[in-house]
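The values are calculated or read from the model by the stated rules, or taken from the named source; none is laboratory data. The structure presented is a predicted model; accordingly, all values stated were derived computationally and were not measured. Cβ sites come from the backbone with ideal geometry, for glycine too, and all protein chains shown count toward neighbours.
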Amino acid sequence: MTEFKIIPVIDILKKEAVHAIKGERENYKSLKSYLFDTSNPVEILKELYEKYNFNQFYIADLDAIIKKTPNYELISKILALLPIDIIIDPGIISIDDVRHYFRYNIQKLIIGLETISDLEIINKSLKLFGSNQIIVSVDMYNEVILTNIKDVKGRDPKDIVKDLSEMDVKSIILLDLIKVGQKLGGISPLYLKIRKIFGGEIYVGGGIKDLNNILLYKSENFSGVLIGTALYDGTIKVKDLKMLT
């Protein structure tokens, strides 16, 4: 069993950090927190790294995901300035996108079902870069798969995860956009079923309520959680996270 990870989330839209709520991207506002006094992603990451000792982050480049305008310059600046590990979802569409991002010193690249044009992109990425470098994001809205792939639309998420396992995917993120920014707590029965059928790493994004919720995921043998709202509004204290990890 790998170490349970608690990974802060930075969502970037219009080149600034935003507070994501329920996938309603047109309504996202600048991220505000008692932990920092800026919405500049570089400054936020610097503060979280230097002051609070976080060294691994999940970054969602919403400019790339929504508008197909990746923040290449911003990502390059982050990686040049800070000795941190980045897990990034940059709205991968094609295998050429995958090749491009592996020019950067990123820890893991996320390939999201929401944006890719074909499942074969996952296969090709695994062959080119290995299963340890790739995370597949099982993107959902209210537990319905979000995707443009005709053969995937409407299918049960559990069946999709089985397919990913057969493709030798070793790490997935369960990301339900309706839960993002909502401190709902608990664990979805769907997630527990997926945990039973997928032998690799499973990270969960969206809906994390508090420290007890994190402990619940850990007790159910999930690999980690992505936290945003509950961290930034103070519901989950940094000192408590440090004690947990």
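Within region 176-186, is even one residue over 15 Å from the mean Cα position of the chain (by Cα) and either among the hydrophobic types (A, V, I, L, M, F, W, C) or within 16 Å of residue 157 (Cα to Cα) (or both)?
Within region 176-186, one or more residues are over 15 Å from the mean Cα position of the chain (by Cα) and either among the hydrophobic types (A, V, I, L, M, F, W, C) or within 16 Å of residue 157 (Cα to Cα) (or both).
Residues of region 83-129 being of a type in the set (Gly, Ala, Ser) and closer than 17 Å to residue 172 by Cα, which ones? Full working, then the answer.
Step one: filter region 83-129 for residues of a type in the set (Gly, Ala, Ser), giving 91, 94, 112, 117, 125.
Passing the criteria: 91, 112, 125.
If you scan region 219-245, which residues turn out to be in contact with a Leu (Cβ under 8 Å, 6 or more places away or on another chain) and farther than 25 Å from residue 30 by Cα?
Selection gives 220, 240, 244.
Can you find a residue that is closer than 23 Å to residue 202 by Cα, surrounded by fewer than 18 Cβ atoms within 10 Å (Cβ to Cβ), among the charged types (D, E, K, R) and under 15 Å from the mean Cα position of the chain (by Cα) anywhere in region 78-99?
Within region 78-99 (the criterion being closer than 23 Å to residue 202 by Cα, surrounded by fewer than 18 Cβ atoms within 10 Å (Cβ to Cβ), among the charged types (D, E, K, R) and under 15 Å from the mean Cα position of the chain (by Cα)), the answer is yes, since at least one residue qualifies.
Of the residues 215, 184, 211, 192, which is modelled with pLDDT under 95 and more than 20 Å from residue 89 (Cα to Cα)? Working first, answer last.
Details: 215 fails: modelled with pLDDT under 95; 211 fails: modelled with pLDDT under 95; 192 fails: modelled with pLDDT under 95.
Among 215, 184, 211, 192, only 184 is modelled with pLDDT under 95 and more than 20 Å from residue 89 (Cα to Cα).
Being in contact with a Phe, Trp or Tyr (Cβ under 8 Å, 6 or more places away or on another chain), among the aliphatic types (A, V, I, L, M) and at pLDDT 95 or above narrows it down to one of 121, 92, 116, 111, so name that one. Break it down stepwise before answering.
Values: 121 fails: in contact with a Phe, Trp or Tyr (Cβ under 8 Å, 6 or more places away or on another chain); 116 fails: in contact with a Phe, Trp or Tyr (Cβ under 8 Å, 6 or more places away or on another chain); 111 fails: in contact with a Phe, Trp or Tyr (Cβ under 8 Å, 6 or more places away or on another chain).
Selected residue: 92, the only one of 121, 92, 116, 111 that is in contact with a Phe, Trp or Tyr (Cβ under 8 Å, 6 or more places away or on another chain), among the aliphatic types (A, V, I, L, M) and at pLDDT 95 or above.
Tell me which residues, restricted to region 22-34, are closer than 15 Å to residue 228 by Cα and either crowded, with 18+ Cβ neighbours inside 10 Å or without any contact (Cβ under 8 Å) to a residue 40 or more places away in the chain (or both).
To start, the set of residues in region 22-34 that are closer than 15 Å to residue 228 by Cα comprises 22-23, 28-34.
Across region 22-34, the qualifying residues are 23, 28, 29, 30, 31, 33.
Could you pull out every one of the helices (runs of 4 or more DSSP H) wholly within region 181-241 that has 2 or more residues that are within 19 Å of residue 48 (Cα to Cα)?
Details: elements: 189-197, 211-219, 229-232.
Counting at least 2 such residues, we get 229-232.
Kindly indicate the residue of region 127-143 that is hydrophobic (A, V, I, L, M, F, W, C) and either buried (at least 16 other Cβ atoms within 10 Å of the Cβ) or out of contact with any Lys or Arg (no Cβ under 9 Å at 6 or more places or on another chain) (or both) and also farthest from residue 98 (Cα to Cα) among those meeting that condition. Outline the logic, then answer.
Residues of region 127-143 that are hydrophobic (A, V, I, L, M, F, W, C), as a first pass: 128-129, 134-136, 138, 140.
Narrowing the set further to residues that are either buried (at least 16 other Cβ atoms within 10 Å of the Cβ) or out of contact with any Lys or Arg (no Cβ under 9 Å at 6 or more places or on another chain) (or both) leaves 129, 134-136, 138, 140.
On the way: 129: 9, 134: 10, 135: 12, 136: 12, 138: 17, 140: 22 Å.
Of everything passing the filter in region 127-143, 140 is farthest from residue 98 (Cα to Cα).
What's the number of the only condition in (1) touching a residue at least 24 places away in the same chain (Cβ under 8 Å); (2) under 19 Å from residue 10 (Cα atoms); (3) not in a loop (DSSP other than H, G, I, E, B) that residue 123 fails to meet?
That leaves (2) as the condition not met.
Any chance region 44-54 includes a residue that's buried (at least 19 other Cβ atoms within 10 Å of the Cβ) and not in a helix (DSSP H, G or I)? Walk me through how you get there before you give the answer.
Taking region 44-54 as the starting set, the residues that turn out to be buried (at least 19 other Cβ atoms within 10 Å of the Cβ) are 44-45, 48, 54.
Filter again for not in a helix (DSSP H, G or I), leaving 54.
Within region 44-54, one or more residues are buried (at least 19 other Cβ atoms within 10 Å of the Cβ) and not in a helix (DSSP H, G or I).
Go over the candidates 240, 151 one by one and state the one that is surrounded by fewer than 16 Cβ atoms within 10 Å (Cβ to Cβ), touching a helix residue (DSSP H, G or I) at 6+ places or on another chain (Cβ under 6 Å) and not small (Gly, Ala, Ser).
Details: 151 fails: touching a helix residue (DSSP H, G or I) at 6+ places or on another chain (Cβ under 6 Å).
Only one candidate passes the filter, namely 240.
Can you name every residue in region 144-170 that is charged (D, E, K, R) and under 16 Å from the mean Cα position of the chain (by Cα)?
We begin by selecting, within region 144-170, every residue charged (D, E, K, R); these are 150-151, 153, 155-156, 158-159, 162-163, 166, 168, 170.
170, the sole residue that qualifies.
Please pick out the residue among 3, 16 that is in contact with a strand residue (DSSP E or B) (Cβ under 9 Å, 6 or more places away or on another chain), acidic (Asp, Glu) and over 29 Å from residue 220 (Cβ atoms). Quick ask: steps written out before the conclusion?
Details: 3 fails: over 29 Å from residue 220 (Cβ atoms).
Every option except 16 fails the conditions.
If residue 101 satisfies all but one of (1) in contact (Cβ under 8 Å) with a residue 24 or more places away in the chain; (2) touching a Pro at 6+ places or on another chain (Cβ under 7 Å), what's the number of the condition it fails?
Every condition holds for residue 101 apart from (1).
In region 169-201, how many are of a type in the set (A, V, I, L, M) and crowded, with 20+ Cβ neighbours inside 10 Å? Before the answer, list the steps.
Applying the first criterion (of a type in the set (A, V, I, L, M)) to region 169-201 yields 169, 172-175, 177-178, 180, 184, 187, 190, 192, 194, 197.
Right, trim to crowded, with 20+ Cβ neighbours inside 10 Å and you get 169, 172-175, 177, 180, 194.
Total satisfying the criteria: 8.
Right, residue 69: at pLDDT below 95 and farther than 21 Å from residue 208 by Cβ or not?
Working: at pLDDT below 95: yes; farther than 21 Å from residue 208 by Cβ: yes.
Spelling it out, residue 69 is indeed at pLDDT below 95 and farther than 21 Å from residue 208 by Cβ.
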